[in-house]
Amino acid sequence: MKLLVIISGSVAAFKTLMFIRLARAAGHEVRAILTEGGARFVTREAVAALTGGPVHHDLWAAEESIGHIRLARWPERIVVAPASANMLARMAHGLTTDLASTVLLASRAPVLVAPAMNPAMWEHPATQANVAMLRGRGVGFAGPIEGAMAEPESGAGRFIEPADLLAALTEARPGAGAGAGAGAGALAGRHALVTSGPTHEPIDPVRYIANRSSGRQGHAIATALAALGARVTLVSGPVSVADPAGVRVQRVETAREMLAACEAALPADIFVAAAAVADWRVAAEATQKMKKEPGAGAPVLNMALNPDILASLSRHAARPRLVVGFAAETEQVVGHAQAKLARKGCDWVIANDVSGDVMGGLENRVHLVTAQGVEDWPRLPKEEVASRIAARIAKEFCP
Ligand code: CTP
């Protein structure tokens, strides 16, 4: 395969040299663009030696005899590795400030991105919004992974290992940023309703009961379904992740508001209940801030059962054709999920073990439980889990 590797500014650029070596050994023809930032971490000479050809870097240089448009037409795949936060921002916004960003805008080749940056930069809402935008356009992502960084710090943002990047290149299907096997328009004309995030159940005007859900998984599912052409309504509890691009977002606070918003959004073809809805609310919310009365001790909260949104929509007169629930479990994950499938009347349950760092974390290990059986998926970034779920949903509608 003709592979154009774009190396942008990150200390992880040295690993791209190993990737190029592996890619050539696997029979790929490799050309490279080294950005100004990339050239601060690896030399043109090293990249030239490993690709066995010229290293492109300057949009305006006379020696760039190939020209940016010709260079953009050459590759069958583009791999941006490492992709810095700046590179992702330029890609997301279509900026053409150097040869790399211009070629990315001018090329129709599928793009795989391997980000590498400090965890705070990766998790920043600006970067996450750029990532969501790029995923929505079908750009594939390999990593980042969690682990030690160059700085004495660890977290998500570490460059994927070169061998894994090569494997991702082979696995990812061109143009199917939202999951293998599903074409870009597979869900065109379908309406997908997705719930995401926690709910907040008020105690009094300043206090509430909540949970650790970040909304990352539900928002990623909304993005992935939109990328397959679905019209998506996302009903979200209070979250700090960015609204996905191209999705109608309705914000709610409580479980009862979430149910009302979901019912108002019907009819829908697909319902994915990814929200961590509070099972209980305070029976009588105090209208004024509760005060500490001297000698009165701690208050006792009387709880009432919240409506079950998943069960309500599963049994609704306008039931969506495919209803998918989640099961957050800390033990007997698959067994509880199978019981939930029957109890809630849904078609599939995505079961996950939340005893570790899943809630609020960046990765998820899930089991797809249906009446036909159980599929165990590997631990993956939540966006990749979302892409796979969207691809499976698309298969239901376009077998
Ligand atoms: N759910 C819902 N409305 C609720 C509670 C849960 O729609 N009031 C949905 C969630 O969005 C998820 C599924 O039901 O898709 C499972 O939620 P979970 O909290 O794991 O299970 P519960 O039904 O609360 O059962 P349990 O507390 O026994 O685990």
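The values are calculated or read from the model by the stated rules, or taken from the named source; none is laboratory data. Model, not experiment: these values are computed from the prediction. Heads up, the Cβs are rebuilt from the backbone with ideal geometry, glycines too, and the neighbour counts pull from every protein chain shown. We work out accessible area using only protein heavy atoms, side chains counted, and drop any ligands, DNA or RNA first. Shrake-Rupley method; radii C 1.70, N 1.55, O 1.52, S 1.80 Å.
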Query raised in the report: Can you find a residue in the stretch 245-255 that is assigned to a loop (DSSP other than H, G, I, E, B), over 17 Å from H200 (Cα atoms) and touching a Phe, Trp or Tyr at 6+ places or on another chain (Cβ under 9 Å)?
Result: no
Query - Residues of the stretch 305-338 satisfying the condition of being open to solvent by 50 Å² or more (accessible area, probe 1.4 Å) and near the ligand (Cβ under 10 Å from one of its atoms) - result: L305, D308, A328, T330, H336
Report summary line: Scanning the stretch 78-99 for residues that are of a type in the set (S, T, N, Q) and open to solvent by less than 30 Å² (accessible area, probe 1.4 Å) gives S84
Query raised in the report: Restricting attention to the stretch 343-385, which residues are within 11 Å of the ligand (Cβ to nearest atom), assigned to a strand (DSSP E or B) and within 20 Å of P320 (Cα to Cα)?
Result: W348, V349, I350
Query raised in the report: What number of residues within the stretch 13-26 satisfy the criterion of being open to solvent by less than 10 Å² (accessible area, probe 1.4 Å) and touching a Pro at 6+ places or on another chain (Cβ under 7 Å)?
Result: 3
Query - N302 vs. criteria buried (at least 19 other Cβ atoms within 10 Å of the Cβ) and more than 9 Å from the ligand (Cβ to nearest atom) - result: no
Query - Residue under evaluation E331, criteria (1) modelled with pLDDT under 95; (2) farther than 17 Å from E375 by Cα; (3) assigned to a strand (DSSP E or B), criterion not met - result: (3)
Query raised in the report: Can you find a residue in the stretch 282-301 that is more than 23 Å from R216 (Cα to Cα), of a type in the set (V, I, T) and free of Cβ contacts under 8 Å to residues at least 24 places away in the same chain?
Result: yes
Query raised in the report: Does the stretch 100-111 hold any residues that are surrounded by fewer than 23 Cβ atoms within 10 Å (Cβ to Cβ) and either over 28 Å from T170 (Cβ atoms) or aliphatic (A, V, I, L, M) (or both), and which are they?
Result: L105, A106, A109
Requested in this report: Output the residue which, of all residues in the stretch 226-244 that are part of a loop (DSSP other than H, G, I, E, B) and farther than 12 Å from R190 by Cα, is most open to solvent (accessible area, probe 1.4 Å).
Outcome: S240
Requested in this report: Under 8 Å between Cβ atoms, at least 6 apart or on separate chains: pull out the pairs that start in the stretch 248-261 with a residue that is in contact (Cβ under 8 Å) with a residue 12 or more places away in the chain and end on any residue that is among the acidic types (D, E).
Outcome: V249/D243; T254/E201; A255/E201
Requested in this report: Scan the stretch 349-374 and report the pairs whose first residue is open to solvent by 10 Å² or more (accessible area, probe 1.4 Å) and of a type in the set (D, E) and whose second residue is away from the ligand (no atom under 15 Å from the Cβ) and part of a strand (DSSP E or B), with Cβ atoms within less than 6 Å and a gap of 6+ or a chain change.
Outcome: E363/P381
Report summary line: Considering residues that are away from the ligand (no atom under 12 Å from the Cβ) and surrounded by fewer than 18 Cβ atoms within 10 Å (Cβ to Cβ), the number found within the stretch 266-281 is 2
